[in-house]
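Read through the structure below, which is laid out as structure tokens, and then see the notes.
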Amino acid sequence: MKIKYDCIVIGAGPAGLSATLTLGRARRKIAIFDNGTNRNRVTRESHGFLTRDGIKPQEFKNIAFKELESYPSVSILNETVIDIKKDDQKDLFLVNTSNNKSYVTEKIMLATGIHEEFSFTQMKQYYGKSLFSCPYCDGWELRDKPLAIFAENNEHIIHLTKLVFNWTKDLIVFTNGHQISNKVRCDFESKNIKVYTEVITNLHGNNSNLESIELESGEKILRSGGFVVPSFYRPNKFAEQLNCQFDEKGAIITDGAGRTTANGIYIAGETEKSRPSSLMTAAADGNKAATSINMDITIERFQNIC
Ligand SMILES: Cc1cc2nc3c(=O)[nH]c(=O)nc-3n(C[C@H](O)[C@H](O)[C@H](O)COP(=O)(O)OP(=O)(O)OC[C@H]3O[C@@H](n4cnc5c(N)ncnc54)[C@H](O)[C@@H]3O)c2cc1C
């Protein structure tokens, strides 16, 4: 006979780990699955998480796993979840993994994060080492350096350039073939920020440290790092398969406390918003969604008899 979990958490990033800690402490029977594809695995250090500023991403995870060992009702499983099916008659979910195993649970928490896609694929090589998307996470380490801004539409170009200008005044914007308005160009030039709208043909560097950007004309512009606006997507269709509802921007609709519109399905972290946030925000989301799960289980089981 299969173990029936109170909740299966899919994803051991800060969202899923924090939810699992809260649920383990609430004496719930939890399995947390992870396959090591956390978004920040490409970077050397994580910043801005109170008490853990500068920690290596894997060390952050290891500390969280170690803390979870104190709670005997929690199981940590290194397996990839491939699909989730609802058994409507029993009001349970069946979670199947790539190892051909299946697990039964009352509730599901999706905390599988998001992934990024770059318009210029070579950026992947530098991402997390000298090229980043979040100035709050890595701006301090790149302060006062000659940096590149890679962005392709006016809104992104203005937002990122203004923001990064706070960390360095030595900025050059690369739009990779996209035009910018005369007004934006004029604003930038007044602050000595050059804009290249030519198509990028190559990035040069050493050991993932960016050194120069080569343009279609053959000109190479020296830069020692930068910030980029990637596009983001959810790496699976679990929310669609489980009949969650989405808003007009494609984000999963929730009650603001982790409950989706599908009964028994909860969500936390970047997969909820379908956009990037931070370790701290994802952990807070996980904690909040876990209290919703625990409250719902409590209400369902603590039946009023009188
Ligand atoms: C280069 C880079 C640097 C960053 N630096 C910082 C920083 O300094 N400070 C900061 O606050 N934030 C930083 N971030 C952002 C931070 O990584 C995210 O905000 C945070 O990881 C989001 O947490 P999450 O739990 O939502 O998702 P994730 O951390 O991405 O975790 C999702 C988890 O789900 C698991 N998973 C996915 N699919 C499956 C599946 N099918 N089966 C089993 N497991 C699955 C993955 O293995 C992964 O561990 C950085 C991001 C990047 C890319």
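Can you tell me which residue is nearest to the ligand (Cβ to nearest atom) among those in the range 13-54 that are of a type in the set (S, T, N, Q) and over 15 Å from the mean Cα position of the chain (by Cα)?
Filtering the range 13-54 for residues that are of a type in the set (S, T, N, Q) and over 15 Å from the mean Cα position of the chain (by Cα), the one nearest to the ligand (Cβ to nearest atom) comes out as 20.
Out of the residues in the range 247-275 that are of a type outside the set (Val, Ile, Thr) and in contact with an Asp or Glu (Cβ under 6 Å, 6 or more places away or on another chain), which is farthest from residue 135 (Cα to Cα)?
Checked the range 247-275; the qualifying residue farthest from residue 135 (Cα to Cα) is 268.
Mind counting the residues in the range 77-128 that are surrounded by fewer than 17 Cβ atoms within 10 Å (Cβ to Cβ), near the ligand (Cβ under 10 Å from one of its atoms) and within 18 Å of the chain's Cα centre (by Cα)?
Within the range 77-128, residues that are surrounded by fewer than 17 Cβ atoms within 10 Å (Cβ to Cβ), near the ligand (Cβ under 10 Å from one of its atoms) and within 18 Å of the chain's Cα centre (by Cα) number 2.
Just one of the numbered conditions (1) farther than 30 Å from residue 137 by Cβ; (2) in contact with a helix residue (DSSP H, G or I) (Cβ under 7 Å, 6 or more places away or on another chain); (3) modelled with pLDDT under 95; (4) of a type outside the set (Gly, Ala, Ser) is not true of residue 272; which one?
Every listed condition holds for residue 272 apart from (1).
I need the full set of residues from the range 178-230 which are loosely packed, with under 14 Cβ neighbours inside 10 Å, without any contact (Cβ under 8 Å) to a residue 24 or more places away in the chain and small (Gly, Ala, Ser), in order please.
190, 217, 218
Looking at 202, 153, can you tell me which residue is modelled with pLDDT under 95, assigned by TED's automatic domain parsing to the domain that holds residue 140 and not hydroxyl-bearing (Ser, Thr, Tyr)?
Going through 202, 153 in turn, just one is modelled with pLDDT under 95, assigned by TED's automatic domain parsing to the domain that holds residue 140 and not hydroxyl-bearing (Ser, Thr, Tyr): 153.
Filter the range 1-12 for residues that are assigned to a strand (DSSP E or B) and buried (at least 18 other Cβ atoms within 10 Å of the Cβ); which is farthest from the ligand (Cβ to nearest atom)?
The residue in question is 6.
Yes or no: residue 145 surrounded by fewer than 18 Cβ atoms within 10 Å (Cβ to Cβ), farther than 21 Å from residue 43 by Cβ and more than 16 Å from the ligand (Cβ to nearest atom)?
No, not satisfied.
Restricting to the range 13-34, count the residues that are assigned to a loop (DSSP other than H, G, I, E, B) and free of Cβ contacts under 8 Å to residues at least 60 places away in the same chain.
Residues flagged as assigned to a loop (DSSP other than H, G, I, E, B) and free of Cβ contacts under 8 Å to residues at least 60 places away in the same chain within the range 13-34 amount to 3.
Show the residue pairs that are 6+ apart or on different chains and have beta-carbon atoms under 9 Å apart, the first residue being within the range 67-82 and assigned to a helix (DSSP H, G or I), the second being of a type in the set (Ser, Thr, Tyr) and surrounded by 15 or more Cβ atoms within 10 Å (Cβ to Cβ).
68/20
Among (1) farther than 20 Å from residue 238 by Cβ; (2) touching a His at 6+ places or on another chain (Cβ under 7 Å), there is one condition residue 62 misses while meeting the rest; what is its number?
Of everything listed in (1) farther than 20 Å from residue 238 by Cβ; (2) touching a His at 6+ places or on another chain (Cβ under 7 Å), residue 62 misses just condition (2).
The values are calculated or read from the model by the stated rules, or taken from the named source; none is laboratory data. Everything numeric in this text was worked out from a predicted model, so none of it was measured. Virtual Cβ from ideal backbone geometry, glycine too; neighbours counted across all protein chains shown.
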